[in-house]
Amino acid sequence: MMATRVRTWLRSRLTNPVLKLSARTAVATVAAVLVARLSGLAESYWAAIATLIVMQSGLGTSLPVAGREFLGTALGAGMGAVLAGYFGRGVFTFGAGIFLLGLICGALGYVHPYLRNRLDRTAYRYAGIAFIIVMLIPRPEPAWFVALHRFFEVSIGIVVAMAMSVVWPERESPNATVALPKSPTQKEGKDRELRLETN
């Protein structure tokens, strides 16, 4: 009787989607940090951050998010290396770089339909983050060196997350729990967001 209860309790916990997601994410982020450290990259935490972002994007969107993150990181790190290398890391150069990244992501989206679907606000967001890291965090190394390392660290994170999606795919649980209804204030806020987005 007691053994049956314990077995049932353990089985319910081991099939819990939150437990599985947490385990997959923990394994993937640790793997990303280890690969980045073995590669000799000093700031391996960027690999873990990239892995976490891609892993949390959901089952069907990991590949598109990874592509956007990769393209955005390349653009942002490259722009940061060029601007910081030639014009310094001043606040006006920083502002001009963020503006230029937005224009570049928008312009590239009109070149080809394939790019239009990938260089959206998500890519611009990742480009901006990589650019900020290169431009605003003071480092003794040259900007191109910092940009190259950030690009490699984030790329390792993306590759590890995608490998984890293949090796240990996220599956929809047949016993998925139904979300609890939202409180009236939460529902009203969501309705308001929807009205604002459609306007």
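Only the coordinates and a few stated rules stand behind these numbers; no lab work does. Just so it is clear, the model here is predicted, and its values are computed rather than measured. In this analysis, Cβ positions are derived from the backbone assuming ideal geometry, glycine residues included, and neighbour counts consider all displayed protein chains.
Annotations for the structure displayed:
- Percent of Cα pairs exceeding the 20 Å cut-off, where the set is the range 7-169: 54 percent
- The length gained on full extension between residue 23 and residue 100, counted as 0.36 nm times the residue separation minus their Cα-Cα distance, comes to 23.8 nm.
- Extension gain for residue 45-residue 167 works out to 41.7 nm (0.36 nm per residue, less the C-alpha to C-alpha distance).
- Put a dot 7 Å past the Cα of residue 30, heading toward its Cβ, do the same for residue 3, and the two dots end up 3.1 nm apart.
- Furthest towards positive pole of dipole, 100, 22, 40, structure part the range 7-169, Cβ charges: 22
- A protection proxy built from the mean count of other Cβ atoms within 10 Å ranks the segments 44-50, 161-167, 139-145, most packed first, as 44-50, 161-167, 139-145.
- Only Lys, Arg (+1) and Asp, Glu (-1) charged, at Cβ; the range 7-169 dipole about Cα centre in debye: 620 debye
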